[in-house]
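The values are calculated or read from the model by the stated rules, or taken from the named source; none is laboratory data. Here the structure is a predicted model, which means the values were calculated and not measured. As a convention, Cβ positions derive from the backbone with ideal geometry for all residues, glycine included, and neighbour counts pool all protein chains shown.
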Amino acid sequence: MKSGQSLLFFCSVLAGLVLLCICFPHDGLPLAGNTRLRFPTLKEAMEKTSGSHRQEEEEEADTVQEAPEQPDLSPEELLQMRQDALNAQQIDEFRKYCSEDAARIYMPEGDETYLDGLWETLQQASTRHVRIMHYGDSQIECDRITSLLRQRFQDEFGGTGVGLVPALQTIPTFTLSSSITPDDVTQQLAYGPADMRAADNFYGPMARVTHIPERATIRLTGTGGKDYSHARRFSRITVITRQPANILLQTGNDEEAQEMPLESGSEPCFYTVSLSKAVNSATLEVEGETDILGIQLDGQTGISMDNIPMRGSSGRDLTTISRSSLRPFFERERVALVILQFGGNSIPYLTRAKLHDFKENIKRLINMYHELAPQAKVLFIGPADMAHNREDGELESYPVLPALCDSLRAAADEAGAAFWNMYAAMGGRGSIVRWVEANPQLAGEDYIHFTPLGAKKIARLLYDTLHLYYRFYRFRTGQENVELTAEDSIAANIVSDDLTEEEELPE
């Protein structure tokens, strides 16, 4: 049949149907029994067709709303939207936030009381020492993210000092200037190059060990500045070694050094001095061959928060560390919260087929910290958005990211830990490109790492989210009788905050 004939046939059928709609009796034609043959009127037929189109449009709109990315919002607008969502004024709005907002914290089995034990412990920090440990990949190098979280926790609950630091600091940070002489000391790592591993995996809580062959001088100075003022000063110094050694401590402007007493002769060894006043600098003279597992610069009460970056690690390296090098530390310290931030280094190599094994590795990692610190809560933070060049040269987020975040969330839930989806919180698919193009720039042109300003913004969002859960805890337990409102917009606006936009790392 030719096209003209087809068109004529179609128009004839359509005209016939229209004629039937117009001429067919409204109440139909009687058939046998009580049955009547009916045909829709022209008005009914038109309304049904229009309604079908509207339903399709509504379904399409619903699909768009469920998409993780929001390309019409700048990073600043998106973060402000998240911040506004934190200003919940009623208990039902809080629960709505916790069930719908992309920046919410996923509690294991949806238990909104999971972090109650953490808040109870933190509220005791005015009279005791409480520790938070933040392990992560290169996103937290230079004390990024951790530094602002530490400052905010210490603002709220008290405390000073930068926490655990290595004897040999190979990467400069915003909060501490460190040097060691002589320069022939060596370091072994639980992560990174294979030739830097220790034969017996005795690394301690920092996943690294510094070998002192005979003697060494270690100089430490707090450099937090106004943004991290609490980290600059410390009043309790602890040196953790594997073998006993003689350690002399000189602080501030004191001319005389004092010997650090050994708490016990077991392995590892802890040397601690509590000072009568806080200082911002210390010099350690170490005599005797030993391995240093870490140095703690803390306050005598309040919050200490450790920054433990592991460049190139997926987190699984932590499970290789000898438990005998970890257990004494966790038994000695009051660890209230362990934050694990991993996943980004595995993204370029992950396929959906490998997600199950990766998930099981993360569950083993979380369970290790449950074993080491049964009283501590665990928060797992998923990776940020990351982009790569397609074959056509266009930048796109790694396709596996949403599935990886779902897998990590499931791992945390099954292992009894909380989960924060940083990928979703920053805007989902394509957000890293918008963060790079933002003014001022929030992410580096590797389309992976945050700039210092971007790290501050994501840390601010995380802390304010945690703080909302803390206020909800106080509301539920009768400690706070007011509604869940923000005090002057939760301390400051996340976009126009009072933090320094850019910082220069020390040489």
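If you check Gln154 against the conditions, is it of a type outside the set (Asp, Glu), over 24 Å from Gly344 (Cβ atoms) and surrounded by fewer than 24 Cβ atoms within 10 Å (Cβ to Cβ)?
On the way: of a type outside the set (Asp, Glu): yes; over 24 Å from Gly344 (Cβ atoms): yes; surrounded by fewer than 24 Cβ atoms within 10 Å (Cβ to Cβ): yes.
Judged against the criteria, Gln154 is a match.
Please note which helices (runs of 4 or more DSSP H) are completely contained in the stretch 386-458 and include at least 1 residues that are within 19 Å of Ser74 (Cβ to Cβ) and of a type in the set (Asp, Glu).
On the way: elements: 401-415, 422-425, 431-437.
Hits in the stretch 386-458: 431-437.
Take the residues in the stretch 312-328 that are part of a loop (DSSP other than H, G, I, E, B) and over 16 Å from the mean Cα position of the chain (by Cα), then tell me which one is farthest from Val400 (Cα to Cα). The selected residue is Ser322.
The set of residues in the stretch 329-375 that are surrounded by fewer than 16 Cβ atoms within 10 Å (Cβ to Cβ) and either of a type in the set (Ser, Thr, Tyr) or under 17 Å from the mean Cα position of the chain (by Cα) (or both) comprises Tyr349, Thr351. In a strand (DSSP E or B), free of Cβ contacts under 8 Å to residues at least 60 places away in the same chain and not aromatic (Phe, Trp, Tyr), is that true of Ile303? Taking the combined requirement at face value, the residue does not satisfy it. For first residues located in the stretch 377-396 and closer than 18 Å to Leu340 by Cβ, partners that are assigned to a strand (DSSP E or B) and among the aliphatic types (A, V, I, L, M) and lie 6+ apart or on another chain with Cβ distances below 6 Å form the pairs Lys377/Leu337; Val378/Val338; Leu379/Ile339; Leu379/Ala418; Phe380/Leu340.
Scan the stretch 220-236 and tell me whether some residue there is assigned to a strand (DSSP E or B) and touching a His at 6+ places or on another chain (Cβ under 8 Å).
Step one: list which residues in the stretch 220-236 are assigned to a strand (DSSP E or B), which gives 220-222, 234-236.
Add one more test, that the residue is touching a His at 6+ places or on another chain (Cβ under 8 Å), and what stays is 236.
There is at least one residue in the stretch 220-236 that is assigned to a strand (DSSP E or B) and touching a His at 6+ places or on another chain (Cβ under 8 Å).
Which members of the stretch 180-198 meet the condition of being in a strand (DSSP E or B) and loosely packed, with under 13 Cβ neighbours inside 10 Å?
Going residue by residue through the stretch 180-198, those that are in a strand (DSSP E or B) are 180-181, 186-189.
Thr181, Thr186, listed by residue number.
Here Thr160 meets the list (1) outside any strand (DSSP E or B); (2) of a type in the set (S, T, N, Q); (3) surrounded by fewer than 19 Cβ atoms within 10 Å (Cβ to Cβ); (4) touching a residue at least 40 places away in the same chain (Cβ under 8 Å) almost entirely, failing just condition (3).
Looking across Ile145, Ile132, one residue alone is among the aliphatic types (A, V, I, L, M), touching a strand residue (DSSP E or B) at 6+ places or on another chain (Cβ under 6 Å), at pLDDT 95 or above and under 21 Å from Gln296 (Cα atoms). It is Ile132.
Are any residues in the stretch 167-179 assigned to a loop (DSSP other than H, G, I, E, B) and surrounded by fewer than 24 Cβ atoms within 10 Å (Cβ to Cβ), and if so, which ones? Lay out the reasoning, then the answer.
From the stretch 167-179, those assigned to a loop (DSSP other than H, G, I, E, B) are 167-175; that's our starting set.
Within the stretch 167-179, Leu168, Gln169, Thr170, Ile171, Pro172 meet the criteria.
Looking only at the stretch 345-354, decide whether some residue is touching a helix residue (DSSP H, G or I) at 6+ places or on another chain (Cβ under 8 Å), under 18 Å from Tyr398 (Cβ atoms), hydrophobic (A, V, I, L, M, F, W, C) and touching a residue at least 24 places away in the same chain (Cβ under 8 Å). Checking the stretch 345-354: at least one residue is touching a helix residue (DSSP H, G or I) at 6+ places or on another chain (Cβ under 8 Å), under 18 Å from Tyr398 (Cβ atoms), hydrophobic (A, V, I, L, M, F, W, C) and touching a residue at least 24 places away in the same chain (Cβ under 8 Å). Inspect the stretch 388-398 for any residue being crowded, with 20+ Cβ neighbours inside 10 Å and basic (Lys, Arg) and give the result as yes or no. Looking for residues that are crowded, with 20+ Cβ neighbours inside 10 Å and basic (Lys, Arg), one finds none in the stretch 388-398, hence no. Restricted to the stretch 199-219, and to residues there that are assigned to a loop (DSSP other than H, G, I, E, B) and of a type in the set (A, V, I, L, M, F, W, C), the residue that is farthest from the chain's Cα centre (by Cα) is Ala199. Taking the listed residues Glu360, Glu333, the one that is more than 19 Å from Pro108 (Cα to Cα), among the charged types (D, E, K, R) and in contact (Cβ under 8 Å) with a residue 40 or more places away in the chain is Glu333, with no other qualifying. Return the residues of the stretch 432-447 that are buried (at least 21 other Cβ atoms within 10 Å of the Cβ) and in contact (Cβ under 8 Å) with a residue 60 or more places away in the chain; say none if nothing qualifies. Passing the criteria: Arg434, Trp435, Leu442. The condition of being over 19 Å from the mean Cα position of the chain (by Cα) and among the polar types (S, T, N, Q) holds for only one of Ser147, Ser179, that being Ser179.
Restricting attention to the stretch 111-128, which residues are surrounded by 14 or more Cβ atoms within 10 Å (Cβ to Cβ), assigned to a loop (DSSP other than H, G, I, E, B) and within 22 Å of the chain's Cα centre (by Cα)? Talk me through it step by step, then tell me what you get.
Narrowing the stretch 111-128 to residues surrounded by 14 or more Cβ atoms within 10 Å (Cβ to Cβ): 112, 114-119, 121-125.
So of that shortlist, the ones also assigned to a loop (DSSP other than H, G, I, E, B) come out as 112, 114-115, 123-125.
Listed by number, the residues that qualify are Glu112, Tyr114, Leu115.
Would you check which residues across the stretch 251-300 are part of a loop (DSSP other than H, G, I, E, B), more than 17 Å from Thr241 (Cβ to Cβ), free of Cβ contacts under 8 Å to residues at least 60 places away in the same chain and of a type outside the set (Gly, Ala, Ser) and list them? Walk me through how you get there before you give the answer.
The first filter runs over the stretch 251-300 and keeps only residues part of a loop (DSSP other than H, G, I, E, B), leaving 252-257, 260-261, 263-268, 280, 288-289, 299-300.
With more than 17 Å from Thr241 (Cβ to Cβ) added as a condition, the list becomes 252-257, 280, 299-300.
Within this subset, residues satisfying the condition of being free of Cβ contacts under 8 Å to residues at least 60 places away in the same chain are 252-257, 280.
Of everything in the stretch 251-300, those that are part of a loop (DSSP other than H, G, I, E, B), more than 17 Å from Thr241 (Cβ to Cβ), free of Cβ contacts under 8 Å to residues at least 60 places away in the same chain and of a type outside the set (Gly, Ala, Ser) turn out to be Asn253, Asp254, Glu255, Glu256, Asn280.
Comparison of Arg219, Arg144 shows that the only residue that is surrounded by 23 or more Cβ atoms within 10 Å (Cβ to Cβ) and either β-branched (Val, Ile, Thr) or touching a residue at least 60 places away in the same chain (Cβ under 8 Å) (or both) is Arg144.
Looking at the stretch 199-212, which of the residues that are farther than 17 Å from Arg311 by Cβ and modelled with pLDDT of 95 or more is surrounded by the fewest Cβ atoms within 10 Å (Cβ to Cβ)?
If we filter the stretch 199-212 for residues that are farther than 17 Å from Arg311 by Cβ, which is where we start, we get 199-202, 204-205, 211-212.
Filter once more, keeping what is modelled with pLDDT of 95 or more: 200-202, 204-205, 211-212.
Working: Asp200: 9, Asn201: 17, Phe202: 19, Gly204: 24, Pro205: 26, His211: 18, Ile212: 24.
Checking each candidate, the answer is Asp200.
Determine whether the stretch 166-183 contains at least one residue that is under 24 Å from Asn367 (Cα atoms), at pLDDT 95 or above and not small (Gly, Ala, Ser). Reasoning before the result, please.
If we filter the stretch 166-183 for residues that are under 24 Å from Asn367 (Cα atoms), which is where we start, we get none.
No, the stretch 166-183 contains no residue that is under 24 Å from Asn367 (Cα atoms), at pLDDT 95 or above and not small (Gly, Ala, Ser).
For the structure I just gave you, tell me whether Leu462 is of a type in the set (A, V, I, L, M) and modelled with pLDDT under 95.
Numbers: of a type in the set (A, V, I, L, M): yes; modelled with pLDDT under 95: no.
Judged against the criteria, Leu462 is not a match.
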